[in-house]
Structures are given as C-alpha cells and as structure tokens.
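Structure first, commentary second.
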Amino acid sequence: MTEVALESLRDLVRAGLADPDAERLDEVARAFRIRVTPEMVAASVDPAVARQFVPAIEELEIGAEELADPIGDEARSPLRGLTHRYADRVILHVTRICDVYCRFCFRREVVGGEGLLSEQDLAAALDYIDATPTVREVILTGGDPLTLSPRRLRAIVERLGRIDHLDQIRIHSRVPVVAPDRIDDELIAALLGPVPVWIVVHANHPSELRPASRAAIRRLSDAGIPLLSQSVLLRGVNDSVDTLEALFRALLRLRVKPYYLHHCDLARGAGHFRTTLAQGRTLMADLRLRLTGIGLPTYVLDIPGGYGKVPISSDHLTEESPGRWLIRDPAGGMHRYADPVY
C-alpha cells in the first residue's frame, strides 16, 4: 500500500488507477482537486471505490440543471463560514480541506482551496451562535472537521461547550474510513467536552471499511461517542440492494446507526453519478424486506437552492410525469425536480 496520498493525475496513473491514454482526463483533473489517501488507494482494487475518487471524462458534461452551490449554503449564510437553514441548528464550515476529494461532492466548487476558516470569521460565527438561543445544535463540516489538529478541534468544542443553549455538536466526517490513523487518543480526547459530540461517518461502499477503518470506528464507539452514518446513492457504486445491505449491516456491526442515504446532489459534472428518484425508492423498498429498522437510513433529497432536505416519500413527492417531480419543502413550498436522462 502506498504510504502517501495521491494528489495528481500522474500519481493515479502510476498507481494504476487512471488510464494514461484517456482523452481529456488532464482537463478533468484540473477542474477539481485530486486527493486519495493510502487507505482508499488500497480499497480502490474495488472499482466501485475507485470510481468515487478517480477523474472521469463524464465530469466535463455539465447539465443545465447542475449548480455550483447545489444545496444553497450561500443562500442561507448570515456570516462567512456559517449556514443557518433550520431554526434549531447551524452548519459551521471550519475548514475547506478534506483527506479525500470525492468526484460527486456537492461542495466541489469550494473544497480544497482556502483552508481553515480564519480566526476572525470563526469568532464571529461562534458569537452568532452564542447570541441565537434558538440554535440547539452545531454541525461542524467543511471540508472535513477531523482533518483539524486535535488542539484546534478541542478549542472549538470547548468554546461551543460554554454555550448554554446547545444540546449537541454533530461532526460529519470521512476521516474514520479514509484516514483511520488520525483517530488516536489525542483526537478522541478533543471531542469529549460538556456538550455531547455525535459523529456521522461517511461511507458509501462496504469495501471502504477496511480493518484499520473498522478499528478506528470502534475506538470512537468505545470512547462513548455516538455514531451515525451517511451515504450517497451513487450510480455505478452502490445502486444495488445487495451492496447497500452489505454496507448497512457492516456499519451496524460497528455500532453505527445508518442515518441518511442522500440522493446525489446537482453538483456540476456529477450527473453520471445520479440515479432516478424512482430507482432510489425501489431500493429502499427492497431494503425494508431485508433489514431491521435499526439498519434503515432515511432516504433524503436536499432540495436545490437551499430549501432544505426532505424524506423521499409520498408525503413530499408528487410525480407530474415520468421522471419529473414536484417536491414539497419543510415550509410547504413546491419545487420542480427532474431525474437525469441516460
């Protein structure tokens, strides 16, 4: 297994993950940063894992419906680094850095660039949270918050711990899976503050859960940190009931509750990863016949434009015609959504 992350198309070619003769692949690589950790290089013997990280010519096909900010982070941002979409919770973008860069990422236009949120912007965001008593939960995201040093992470957790109206902190991260060596005693200690920290582990395929990743997840669980998971439904990666069942069963064995299965967002150049809503609903129906309720995530769609996420169910969806839907947002507004055509 390589000992360093792969960060260029040349690195991917040398590792045998990219075709050196593929047309225009260098153009794709320039459009979005490359980074694949040693753990995921090893996991990429499974093509379903490699597909998530290796540039593909399809990324140059930008659909008219695809957006630079598909879930509307900026549309609901009162301050730099902060998104306040729902009354009781905010998203705090503490960093733009990730240990891996996923080709379907809904923040692919911004991650990997400017790095850490500045001290001034972080202080302003924390003051906003402190002054807004309706906020009961802070979701640390980015980028990936667990790429921060334990010292910096501890400082943020301790500052949030002094805000009386917070019930919990939530951290969304791929680190336990893609860079498990980061999950050491110092990092775990940084997460143990007066406000409970929940970690949502991002995993899309059972082949990502290698022995070191499983051990890292167990370390978090053994420390008393509650664990959830999120996955993205991806064509050619996990769009089969067998794959999803294997993933969710593996997570349950690690004491991780499957939380969200996200319909792939309208990120620019990610259309080749999208399934139709009907396909996703069929998969969920099949999973219900196979899995305990504890193992079933909620299948959700983040409505483009910043209108929030909703369960993909008959309560929120009306099919106007094949592949064309009306989606009801949490406030009752209606939005049109179209499936990919392929």
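Would you please name the residue that is surrounded by the fewest Cβ atoms within 10 Å (Cβ to Cβ), looking only at residues in region 17-47 that are within 17 Å of the chain's Cα centre (by Cα) and within 19 Å of S207 (Cα to Cα)?
First pass over region 17-47, keeping only residues within 17 Å of the chain's Cα centre (by Cα): 32-37, 40.
If we keep only those that are within 19 Å of S207 (Cα to Cα) too, we end up with 35-37, 40.
On the way: R35: 20, V36: 26, T37: 24, M40: 27.
In this case the residue turns out to be R35.
Counting just the residues of region 233-275 that are part of a loop (DSSP other than H, G, I, E, B) and in contact with a Phe, Trp or Tyr (Cβ under 7 Å, 6 or more places away or on another chain), which one comes out nearest to E27 (Cα to Cα)?
To start, the set of residues in region 233-275 that are part of a loop (DSSP other than H, G, I, E, B) comprises 234-240, 254-256, 264-266, 268-270, 274-275.
After this cut, where a residue has to be in contact with a Phe, Trp or Tyr (Cβ under 7 Å, 6 or more places away or on another chain) as well, the list is 234-235, 264-265, 270.
Numbers: L234: 23, R235: 23, C264: 23, D265: 22, A270: 15 Å.
Restricting to residues being part of a loop (DSSP other than H, G, I, E, B) and in contact with a Phe, Trp or Tyr (Cβ under 7 Å, 6 or more places away or on another chain), the top hit is A270.
How many residues are assigned to a loop (DSSP other than H, G, I, E, B) and either touching a Phe, Trp or Tyr at 6+ places or on another chain (Cβ under 7 Å) or more than 24 Å from L291 (Cβ to Cβ) (or both) if we restrict to region 203-224?
Our first condition is that a residue be assigned to a loop (DSSP other than H, G, I, E, B); within region 203-224, this holds for 203-205, 209-210, 223-224.
Imposing the further condition that a residue be either touching a Phe, Trp or Tyr at 6+ places or on another chain (Cβ under 7 Å) or more than 24 Å from L291 (Cβ to Cβ) (or both) reduces the set to 223-224.
Number of matching residues: 2.
List the strands (runs of 3 or more DSSP E) that sit entirely inside region 73-190 and contain at least 3 residues that are among the β-branched types (V, I, T). Can you show your working first?
Details: elements: 82-86, 89-93, 137-141, 168-173.
The strands (runs of 3 or more DSSP E) meeting that bar are 137-141.
If the requirement is being of a type in the set (G, A, S), surrounded by fewer than 21 Cβ atoms within 10 Å (Cβ to Cβ), on the phi < 0 side of the Ramachandran plot and touching a Gly at 6+ places or on another chain (Cβ under 9 Å), which of these qualifies: A215, A278, A223?
Details: A215 fails: touching a Gly at 6+ places or on another chain (Cβ under 9 Å); A223 fails: touching a Gly at 6+ places or on another chain (Cβ under 9 Å).
It is A278.
Which of the residues belonging to region 239-280 are basic (K, R) and farther than 23 Å from V200 by Cβ? Can you show your working first?
Keep residues of region 239-280 that are basic (K, R), which gives 249, 253, 255, 257, 268, 274.
Within region 239-280, just R268 meets the criteria.
crowded, with 20+ Cβ neighbours inside 10 Å, of a type in the set (K, R), touching a helix residue (DSSP H, G or I) at 6+ places or on another chain (Cβ under 7 Å) and closer than 21 Å to Q230 by Cα - does that describe any residue in region 101-123?
yes
Of everything in region 309-331, what is part of a loop (DSSP other than H, G, I, E, B) and either hydrophobic (A, V, I, L, M, F, W, C) or over 30 Å from R249 (Cβ atoms) (or both)? Give them in sequence order.
I312, P322, G323, D329, P330, A331 - these are the residues of region 309-331 that are part of a loop (DSSP other than H, G, I, E, B) and either hydrophobic (A, V, I, L, M, F, W, C) or over 30 Å from R249 (Cβ atoms) (or both).
In region 180-202, which residues are in contact with a strand residue (DSSP E or B) (Cβ under 6 Å, 6 or more places away or on another chain) and crowded, with 17+ Cβ neighbours inside 10 Å?
Kept after step one, since they are in contact with a strand residue (DSSP E or B) (Cβ under 6 Å, 6 or more places away or on another chain), are these residues of region 180-202: 191, 195-202.
Those that are in contact with a strand residue (DSSP E or B) (Cβ under 6 Å, 6 or more places away or on another chain) and crowded, with 17+ Cβ neighbours inside 10 Å: L191, V195, V197, W198, I199, V200, V201, H202.
Only one of L166, L148 is free of Cβ contacts under 8 Å to residues at least 40 places away in the same chain and buried (at least 18 other Cβ atoms within 10 Å of the Cβ). Can you tell me which? Spell out the reasoning first.
Numbers: L148 fails: free of Cβ contacts under 8 Å to residues at least 40 places away in the same chain.
The match here is L166.
Does region 52-63 contain any residue that is under 19 Å from the mean Cα position of the chain (by Cα), touching a residue at least 60 places away in the same chain (Cβ under 8 Å) and either over 24 Å from D239 (Cβ atoms) or not in a helix (DSSP H, G or I) (or both)?
no
Could you count how many residues in region 250-289 are of a type outside the set (G, A, S), touching a residue at least 24 places away in the same chain (Cβ under 8 Å) and in contact with a Lys or Arg (Cβ under 9 Å, 6 or more places away or on another chain)?
The qualifying residues number 15.
Can you find, within region 67-85, the residue that is modelled with the lowest pLDDT among those that are of a type in the set (D, E, K, R) and surrounded by 18 or more Cβ atoms within 10 Å (Cβ to Cβ)? Full working, then the answer.
Start the filter on region 67-85 by keeping residues that are of a type in the set (D, E, K, R), which leaves 69, 73-74, 76, 80, 85.
Now restrict to residues that are surrounded by 18 or more Cβ atoms within 10 Å (Cβ to Cβ): 69, 73, 76, 85.
Details: D69: 86, D73: 82, R76: 90, R85: 92.
So, considering only residues that are of a type in the set (D, E, K, R) and surrounded by 18 or more Cβ atoms within 10 Å (Cβ to Cβ), the one modelled with the lowest pLDDT is D73.
So which of R268, R253 is at negative phi and either surrounded by fewer than 19 Cβ atoms within 10 Å (Cβ to Cβ) or among the hydroxyl-bearing types (S, T, Y) (or both)? Spell out how you get there, then give the answer.
Numbers: R268 fails: either surrounded by fewer than 19 Cβ atoms within 10 Å (Cβ to Cβ) or among the hydroxyl-bearing types (S, T, Y) (or both).
Among R268, R253, only R253 is at negative phi and either surrounded by fewer than 19 Cβ atoms within 10 Å (Cβ to Cβ) or among the hydroxyl-bearing types (S, T, Y) (or both).
Only one residue in V100, V200, V135 is over 30 Å from L25 (Cβ atoms) and touching a Phe, Trp or Tyr at 6+ places or on another chain (Cβ under 7 Å), so which one is that?
Checking each option against the conditions leaves just V200.
Listed here are the residues, each with its yes/no results for (1) at pLDDT 95 or above; (2) out of contact with any Ser or Thr (no Cβ under 7 Å at 6 or more places or on another chain); (3) on the phi > 0 side of the Ramachandran plot.
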site: R89; (1), (2), (3): yes, yes, no
site: L116; (1), (2), (3): no, no, no
site: A123; (1), (2), (3): yes, yes, no
site: G143; (1), (2), (3): no, no, yes
site: T147; (1), (2), (3): yes, no, no
site: R154; (1), (2), (3): yes, yes, no
site: R159; (1), (2), (3): yes, yes, no
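I need a count of the residues in region 257-313 that are of a type in the set (K, R), under 18 Å from the mean Cα position of the chain (by Cα) and more than 30 Å from I57 (Cα to Cα).
Restricting attention to region 257-313, the residues satisfying the condition of being of a type in the set (K, R) are 257, 268, 274, 281, 288, 290, 309.
Restricting the remaining residues to those that are under 18 Å from the mean Cα position of the chain (by Cα) gives 257, 268, 274, 309.
Among the residues that remain, those that are also more than 30 Å from I57 (Cα to Cα) are: 257.
The number of residues fulfilling the criteria is 1.
Among the residues of region 7-16, are any assigned to a helix (DSSP H, G or I), more than 21 Å from the chain's Cα centre (by Cα) and within 28 Å of T243 (Cα to Cα)?
If we filter region 7-16 for residues that are assigned to a helix (DSSP H, G or I), which is where we start, we get 9-14.
Right, trim to more than 21 Å from the chain's Cα centre (by Cα) and you get 9-14.
Remaining after also requiring within 28 Å of T243 (Cα to Cα): 12-13.
Yes: one or more hits.
The values are calculated or read from the model by the stated rules, or taken from the named source; none is laboratory data. These numbers come from a predicted model, not from an experiment. So basically every Cβ, Gly included, is an ideal-geometry build from the backbone, and we count neighbours across all protein chains shown.
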